[in-house]
Amino acid sequence: MRIGQFRIIFELIRSEFRSNVEAQFISLLLAVIEYEQGITHTELAKQVGMSQPATSKNCKILGVQLKRSAKGGFVDQGLGLIEERPLQGSTQKAVFLTKKGKVLAAKIEKEIILEKKLEDLYTMRKDQDTKIK
């Protein structure tokens with residue numbers, strides 16, 4: 001992957017955040033995208049090299065984070081990209097992408113596919129140029 005492609009993917013992710021994005025959010029989100037069938041907090045913490053409390057805290061920010069509003073109700077201040085629910089056939093909970101998270105994952109995947117196609121075209125063109133010489 002070229003640096004330009006990484007920058008585009010970073011900007012796609014950053015566009016979902018309301019403020020500056022920290023590296024651990026990107027790492028955590030990409031790990032959840034990679035494990036589309038769900039990933040437990042324990043495994044997620046291992047994958048991103050964070051403690052379980054830090055992983056849980058960051059998951060709340062990436063998911064649903066209810067805060068009491070001044071008017072007495074609750075306001076969701078999370079990003080809505082991930083959610084926690086039971087793993088199929090288990091009582092253990094795991095982290096999954098929400099619909100909003102899946103849309104972002106599809107944009108990232110599209111960018112990666114586009115880059116791969118451009119790379120293949122470049123290689124094909126280079127091979128043709130070599131054969132002509």
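Read-outs: derived from the displayed coordinates by stated rules, not from any lab. Bear in mind the structure is a predicted one, so any value in this text is a computation, not a measurement. Here the Cβ is made from the backbone with ideal geometry for all residues, glycine too, and neighbour counts use every protein chain on show.
For I82, the residues 5 or more places off, or on other chains, whose built amide H falls under 5 Å of its own are G63, T98.
Relative to the dominant Cα principal axis of the chain, helix 99-132 is inclined by about 10°.
Per DSSP H run of n ≥ 4, the term is -39500 (n - 2.57); total these for the chain, divide by its residue number, and report the mean residue ellipticity at 222 nm rounded to 500 deg cm²/dmol.
Details: 5 runs with 77 residues, N = 133.
One gets -19000 deg cm²/dmol as the mean residue ellipticity at 222 nm.
For segment 30-108, the list of trypsin sites (Lys or Arg not before Pro) that fall in a loop by DSSP and count at most 14 other C-beta atoms within 10 angstrom reads K71. A crude spin-label estimate for the pair S51 and I26, with each label 7 Å from Cα along the Cβ direction, gives 2.5 nm.
For the chain, taking Cα atoms only, Rg and Dmax work out to 19.0, 76 Å respectively.
As a proxy for reagent exposure, ranking I8, I113 by other Cβ atoms within 10 Å from fewest up yields I113, I8. The distance from the alpha carbon centre of segment 74-119 to that of segment 4-38 is 10 Å, rounded to a whole number.
Just need the relative contact order of the chain here, percent rounded to a whole number, with Cα pairs under 8 Å and 6+ apart. Show your work: numbers first, answer last.
On the way: 135 pairs, mean separation 30.2, N = 133.
This gives 23 percent for the chain.
Relative to the current alpha-carbon distance between A106 and R125, full extension at 0.36 nm per residue lengthens the span by 4.0 nm.
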